[in-house]
């Protein structure tokens with residue numbers, strides 16, 4: 001698997017896992033560990049509201065969102081990836097549907113490649 005494929009795999013799997021988290025369909029403790037294992041310790045996110053969130057804040061937020069949206073669906077579109085030997089950049093559109101409410105965001109992410117996998121380093125989300 002090349003580095004671009006590792007990044008695409010990480011994007012898809014992490015969104016599948018966060019959807020399961022929102023729905024509360026998997027073991028909370030195991031899924032929590034799996035979700036956080038995909039992030040670099042220096043992870044930082046700028047969300048659609050322009051708030052900066054570091055990994056510690058994200059990990060504290062997660063438990064309150066478990067099973068909070070049992071019918072939430074997450075779809076990814078237009079994933080584009082460029083990678084070097086140790087890093088990668090990706091962009092994609094994320095669509096979250098909860099009942100009749102649909103939110104769309106354009107996401108850009110930086111990844112670090114090590115231990116034969118991609119880890120989230122930085123994520124920027126913009127509402128569209």
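Every number here is computed from the coordinates shown, using simple stated rules; none is lab data. What you see is a predicted model, and the numbers here were worked out from it, not measured in a lab. Note that we place each Cβ from the backbone using ideal geometry, even for glycine, and neighbour counts take in every protein chain shown.
In table form, for the structure just shown:
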{"item": "Label-point separation in nm, residue 100 to residue 73, each point 7 Å along Cα→Cβ", "result": "1.6 nm"}
{"item": "Anisotropy class of region 20-128 from Cα gyration tensor, a/c 1.5 cut", "result": "oblate"}
{"item": "DSSP-defined beta bridges in region 3-127 - what % are antiparallel, rounded to 5", "result": "90 percent"}
{"item": "Spin-label pair residue 87/residue 114, simplified geometry with 7 Å Cα→Cβ offset, distance in nm", "result": "1.4 nm"}
{"item": "Estimated inter-spin distance, residue 27 and residue 56, nm [label 7 Å along Cα→Cβ]", "result": "2.9 nm"}
{"item": "Residue-averaged 222 nm ellipticity for the chain, from DSSP H runs of 4+ at -39500 (n - 2.57), nearest 500", "result": "-10500 deg cm²/dmol"}
{"item": "Net lengthening on full extension, residue 80/residue 13 (0.36 nm per residue, minus Cα-Cα)", "result": "22.6 nm"}
{"item": "Whole-Å distance, taken between Cα centres, linking region 14-46 and region 89-128", "result": "13 Å"}
{"item": "Protection proxy ranking, peptides 24-30, 10-16, average beta carbon neighbours within 10 Å, highest first", "result": "10-16, 24-30"}
